[in-house]
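The values are calculated or read from the model by the stated rules, or taken from the named source; none is laboratory data. Keep in mind it's a predicted model, so treat the numbers as computed, not measured. No Cβ is skipped: glycine too gets one built from the backbone with ideal geometry, and neighbour counts run over all protein chains shown. Keep in mind that these areas ignore ligands, DNA and RNA; they rest on the heavy atoms of the full protein, side chains included. Shrake-Rupley method; radii C 1.70, N 1.55, O 1.52, S 1.80 Å.
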Amino acid sequence: MRANTWAGRNKVEVRDVPDPRILNKRDAVVRITSTAICGSDLHLVDGYVPTMQDGDVMGHEFMGEVVEVGPDVAAERLRVGDRVVVPFPIACGACNACAAELYSCCENTNPNAGIAEKMFGHPVAGIFGYSHLTGGFAGGQAQYARVPFADVGPLKIESDLADEQVLFLSDILPTGYMGAEMCDIQPSDVVAVWGAGPVGQFAMDSARVLGAAKVIAIDKEPYRLEMAERAGHIPVNFEEVDVRSRLLELTGGRGPDKCIDAVGLEATHGSAHIATYDRVKQAVRAESDRPHVLRQAIMSCRSGGVVSVIGVYGGLLDKFPAGAWMNRSLTLRTGQCHVQRYMKPLLGRIEGGELDPTRIITHTLPLEEAERGFELFKNKEDHCEKVVLKP
Amino acid sequence: MELTATTTIRRPATEVYAFWRDLENLPTFMAHLQEVRATGDRTSRWVADAPFGKDIAWDAEILEERPGEKISWRSAADADVPNAGTVRFTPAPDGISTEVHIALVYDIPGGTIGKAVAKYFGEEPHQQLDDDLRRLKQVMETGEVVRSDGAPWGKRAREEFPQRPAQPLSDAELAKGAGR
Ligand SMILES: NC(=O)c1ccc[n+]([C@@H]2O[C@H](COP(=O)([O-])OP(=O)(O)OC[C@H]3O[C@@H](n4cnc5c(N)ncnc54)[C@H](O)[C@@H]3O)[C@@H](O)[C@H]2O)c1
Ligand SMILES: [Zn+2]
Ligand SMILES: [Zn+2]
């Protein structure tokens, strides 16, 4: 089959690879009808998440049709012909983490748990197409994918909703929603979201759906800010204004009640001085992450507020504003999304018309053009917000 | 050499104990074992996997068994690599899960066998046992050792990095792996 693969730092390549097979008894093989490129893929391609290898099949946002099931997949759960959306964390459904609905921390699905444990203190779940640190699972930017624990994760789509309406249940819609949910939003809350990428856009929509009084979008790309504005959110361009002053202005000096970091470890910075400091440290590996947004969110948040982090961090960072965090009673919440927890309820919100995931799709390309898709998305060319690939 | 490791398994102690007490199950998750065969009520014959030292086999005897709580064993006096072990099963505070605590003692000899065993354990010998218990947990909680494309061979997954790429296996690789 054809698949988009990692071909070294800053390089992806669509190649011929073998077709996937059943390896475990609860696997399924899915013929992929739609898949997408995610901001997390950029971290992998840019080389900020370690343990990628030449030839790794990329992609963790995909859906399609079940073409084969392992012998231990019960027919009432899943059968050949079912149309499914596959959640990006692989979860067993039987361990203590899964019992607590902490699916992205599943204790059983990462065969390389020993390595993850060394880096993170405790292991994390397996993830499709997301380095060997999270298991070395082939991803979904391909014609087919093997899906382990197919009787646990995949969500069956039984209505006639288009792929584009449900594809993002695999990751970014639940992720944005979890970012907002972790904020414990009250009707009087002003919520600021850093990053108007796909994840940020869905965090904003979710904050609105959960009842926020006002939602602020912070980014530097005018077209992304316009997209947020069209959806009813208030744009702030961090290259044009001082973010902190603008946020104070928009909140009567209080600061946003809840702050969401939907940018993560590759944030860019308005201030050249600090940006250079972190870039240099990152380059010499003294610091693996550039935490501009995390710092700014903590400094901006009102006392007693919540800083919710869904942007990905990979390792170590420097100059963490612990004083602000501690002395002003802030709550810091975070996680790789526990997608399985949110798929069904969010499908309901899509069907009910409360959320429209299609609003962020700007490009649909054949899988063969994955490389161009990565370029467009990464370099923000042609007003690119989200790329859907068709195998 | 003394090694200890521990894990928590979301199954009742009686069940985890019963799985372990059937010693023939041990090779499904312990990487250094190829086969364990019961030869009597409390005696068994253990065969090591090649990297642990080719053609090593030994007899072992259960010294103590307390159903649902504890099993201790020891190799027979003439073993090439004299070893002994104890595994304890205790209820976790959640009232559902079981804590498994294992302690193994190896008396590593000199010569080629000693070298093979030392090489097998490498610089971080406890890592092996941690991985063994992770696989025990996978088997007890999910029914199988979990495989990925990067680490497709279950308990033989522990080759150091780089692994094979995270892309599906070819027919040739599958055929070769099936015989391993
Ligand atoms: N937690 C999870 O489970 C999960 C799931 C999916 C994605 N993610 C992460 O979410 C993040 C966003 O993903 P995406 O797909 O939207 O990516 P993206 O790269 O399209 O979006 C990031 C946006 O942040 C903006 N940005 C950069 N620096 C900024 C700054 N200092 N202030 C404000 N905005 C800034 C960029 O201009 C860009 O528009 C990534 O880190 C991704 O890895 C996390
Ligand atoms: Zn993603
Ligand atoms: Zn689990």
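Mean per-residue shielding of peptide A:131-139 is 6, counting Cβ atoms of other chains within 10 Å of each Cβ. Measuring nothing but how far apart in sequence close Cα pairs (under 8 Å, 6+ apart) lie, relative to its length, chain A scores a relative contact order of 18 percent. Computed on segment A:173-334, the Cα convex hull volume stands at 101 Å³ per residue. Dimensions of the protein assembly as shown based on its C-alpha atoms, expressed as ranges along the principal axes with the largest first, amount to 81, 53, 44 Å. The mean sequence separation of alpha-carbon pairs under 8 Å and at least six residues apart, normalised by the residue count of segment A:213-274, gives a relative contact order of 24 percent.
Carbon-plus-sulfur fraction of the accessible area of the protein assembly as shown, 1.4 Å probe, in percent?
Looking at the protein assembly as shown in its full context, I get 51 percent from C and S.
Normalised by 2.2 N^0.38 Å, where N is the number of residues, the alpha-carbon radius of gyration of segment A:50-169 equals 1.07. When you restrict to C-alpha pairs under 8 Å that are six or more residues apart and normalise by the size of chain B, the relative contact order lands at 24 percent.
Considering only B:112, B:82, B:167, the residue lying farthest towards the positive end of the dipole of segment B:77-180 is B:167, judged by Cα position with unit charges set on Cβ. Once A binds B, the 1.4 Å probe can no longer reach about 2900 Å² of accessible area, counting both sides.
About its Cα centre, the dipole of segment A:292-386 is roughly 740 debye, where the only charges are +1 on Lys and Arg Cβ and -1 on Asp and Glu Cβ. How big is segment B:74-160 by the Kirkwood estimate over distinct Cα pairs, in Å? Roughly 15.3 Å, rounded to one decimal.
Centre-to-centre separation between the Cα atoms of segment A:68-94 and those of segment B:1-51: 31 Å.
Model label points for residue A:375 and residue A:277, set 7 angstrom from Cα along the Cα-to-Cβ axis, are 3.7 nm apart. In a fully extended conformation the segment linking residue B:64 and residue B:78 would gain 3.0 nm over its present Cα-Cα distance, using 0.36 nm per residue.
Distant-in-sequence amide contacts of residue B:97, defined by a placed amide H-H separation under 5 Å and a gap of 5 or more residues or a different chain, comprise B:92. With kT/(6 pi eta Rh) evaluated at 25 °C and eta = 0.890 mPa s, and Rh the Kirkwood radius from Cα pairs, chain B diffuses with a coefficient of 142 µm²/s according to Stokes-Einstein.
Amide hydrogen proximity for residue A:308: with H placed 1.01 Å from N in the peptide plane, the residues at 5 or more positions away or on another chain lying under 5 Å are A:259, A:260, A:261, A:333.
Each residue of segment B:18-32 was assigned a 3J(HN,Hα) from its phi angle through the Karplus curve 6.51 cos²θ - 1.76 cosθ + 1.60 (θ = phi - 60°); the sequence is 4, 5, 6, 5, 7, 4, 4, 6, 4, x, 5, 10, 8, 4, 7 Hz, with glycine and proline shown as x.
Amide H contacts of residue B:33 (H built 1.01 Å from N, in plane; Pro and chain starts excluded): B:49 sit under 5 Å, all sequence-distant by 5 or more or on other chains. Rounded to the nearest 20 debye, the dipole magnitude of chain B is 240 debye, with +1 charges on Lys and Arg beta carbons, -1 on Asp and Glu beta carbons, and the Cα centre as origin. Placing one identical point scatterer on every Cα of segment A:137-226 and ignoring solvent, what is log10 I(q)/I(0) from the Debye formula at q = 0.15 Å⁻¹? Cα-only, vacuum Debye calculation for segment A:137-226: -0.72. Cross-link pairs exceeding 23 Å between alpha carbons, from the set A:156/A:214; A:11/A:390; B:54/B:155; A:281/A:386; A:344/A:378: A:156/A:214; A:281/A:386; A:344/A:378. Solvent-accessible area per residue in chain B equals 47 Å², computed with a 1.4 angstrom probe and all protein chains kept.
Rounded to the nearest Hz, the phi-derived 3J(HN,Hα) couplings of segment B:143-149 under the Karplus curve 6.51 cos²θ - 1.76 cosθ + 1.60 (θ = phi - 60°) are x, 7, 7, 7, 10, 10, 5, where x marks glycine and proline. In segment A:33-68, burial by the other protein chains removes 40 Å² or more of accessible area from A:53, compared with the chain on its own (1.4 Å probe, ligands and nucleic acids ignored).
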